[in-house]
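Here's the structure we're looking at; comments come further down.
All of the numbers you see were taken from the coordinates with simple rules; none came from a lab. Bear in mind the structure is a predicted one, so any value in this text is a computation, not a measurement. Using ideal geometry, Cβ is built from the backbone for each residue, glycine included, and neighbour counts are taken over all protein chains shown.
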Amino acid sequence: MLDRLAGNAALKAELAAALRAGRLPHAVLLVGEPGCGAGFAARCLAADYLYPAGGPHAEAVLRQEDAECLVLRGEGASGQIPVKRVREMREAIQHSALSTDAAGRVLFIYGAQNLNGSSANAMLKIIEEPPEGVLFLLTAASAATVLPTIRSRCAAYTVAPVPAAECAALLRDRGLPAPQAEELAFVYEGHIGTALRVFGDKDARAALDKARELCGFAASNDTYRALALLTKYERDREGLTALLWQLDQLCSAVLRRPDYGGACGGLRPAQAADILRAVAETRRHVTANGNLRLTVALLAAQIA
């Protein structure tokens, strides 16, 4: 299944060789920016580890439906992985029987940076003395954000975005029209997971469309229409956060390739740089739970 991971030829070859030789470390940390496929890479590796011959069970792993795969991820407003859930997984690993079809069992820890002190200590107890046949697969956006006690027990590998041209080809294979595939591959810099999410998620597409519209208002110095658009986010902190992220992507794209400003209402690189600074300031206010009405009014004034 590793061959389904886009790009990353060296990574796939190294992991496949380790699997064939039976020397895959029992704890693997896959590091990659959001949207570049670290989670998918973890599932591909799990499928090849549990079901070397492939088949329906391996496909179920990719769909996150296989019974031999246990999952930990952040929960609640804090996004942290609670120690209670780690202890539940430890019990499940140590006291449940393995399927006769699988070569072992896998515990996924998506977003390992969300292990706090207590949950990391509980996790260490099973990583340091792992039950027979258990593979721990951790993902993180950056190895530096994972607690050293966890990071030092794992073999770390990097999952990289693919070149834009390859990303566009993969998106076309998934059914995206060629012009849209090429644009998304460029804007999201080869992060195929992000491009697919934006294409397939109506809320993400809406955020991109609103960000593009806002760039046009900034290009024409239309403060009134910018404020009218942003006023809709006065009570929607999550929506505003998504909009800010998309503004970052579009303005960065204009700075990388100034002619792309034509697709953003005529936005010029100097204006894109101003928006990026305004977005960074706005994000600080949002993170600090600042007054959203004042925050969006200030953003409108700054970018237009």
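Straight distance only, please: which aspartates and glutamates reach the Cα of residue 84 with their own Cα at less than 15 Å, same-chain residues fewer than 8 apart left out?
Leaving aside aspartates and glutamates fewer than 8 places away in the same chain, those within reach of residue 84 are 75.
Only Cα pairs under 8 Å and at least 6 apart count here; give the relative contact order of the chain as a rounded whole percent.
Numbers: 472 pairs, mean separation 52.5, N = 304.
For the chain, the relative contact order is 17 percent.
The stretch 216-304: which GluC sites (Glu not before Pro) are DSSP loop and have at most 16 other beta-carbon atoms within 10 angstrom?
234
Which distance in nm do the two modelled labels at residue 223 and residue 128 give, with both placed 7 Å along the Cα-to-Cβ direction?
6.1
In µm²/s, what is D for the stretch 161-304 at 20 °C and 1.002 mPa s, where D = kT/(6 pi eta Rh) by Stokes-Einstein and Rh is the Kirkwood radius from Cα pairs?
Calculated translational D: 140 µm²/s.
Cut-off under 12 Å on the C-alpha distance; same-chain residues fewer than 8 positions from residue 12 excluded. Which aspartates and glutamates are left, in chain and number order?
Of all the aspartates and glutamates, those that pass the test against residue 12 - Cα under 12 Å, at least 8 places apart if same chain - are 3, 48.
Simple spin-label model, 7 Å along Cα-to-Cβ: residue 273 to residue 17 in nm?
Those two pseudo-labels are separated by 4.5 nm.
Of the listed peptides 25-36, 79-90, what is their order by residue-averaged count of other C-beta atoms within 10 Å, with the highest listed first?
Peptide ranking by packing, descending: 25-36, 79-90.
Can you give the extra length, in nm with one decimal, that the chain gains between residue 92 and residue 169 once fully stretched, where that is 0.36 nm per residue apart less the Cα-Cα distance?
Value of the extension gain: 23.6 nm.
What percent does the relative contact order of the stretch 1-131 come to when contacts are Cα pairs within less than 8 Å and at least six residues apart?
Answer for the stretch 1-131 is 23 percent.
I need the fraction of alpha carbon pairs in the stretch 67-218 separated by more than 18 Å, rounded to a whole percent.
So the portion of pairs separated by more than 18 Å is 67 percent.
With an 8 Å cut-off on Cα pairs and a minimum separation of 6 or more residues, tell me the relative contact order of the stretch 36-105 in percent.
So the answer I get is 30 percent.
Name every cysteine in the chain that ends up alone, with no second cysteine's Cβ under 4.7 Å, or say none.
Cysteines of the chain left without a disulfide-compatible partner: 36, 44, 69, 154, 167, 251.
What are the equivalent ellipsoid semi-axes of the chain, built from the alpha-carbon gyration tensor (square roots of five times its eigenvalues), in whole angstrom, biggest first? Walk me through the numbers before you get to the answer.
Values: eigenvalues 325, 107, 46 Å².
After diagonalising the Cα gyration tensor, the semi-axes are 40, 23, 15 Å.
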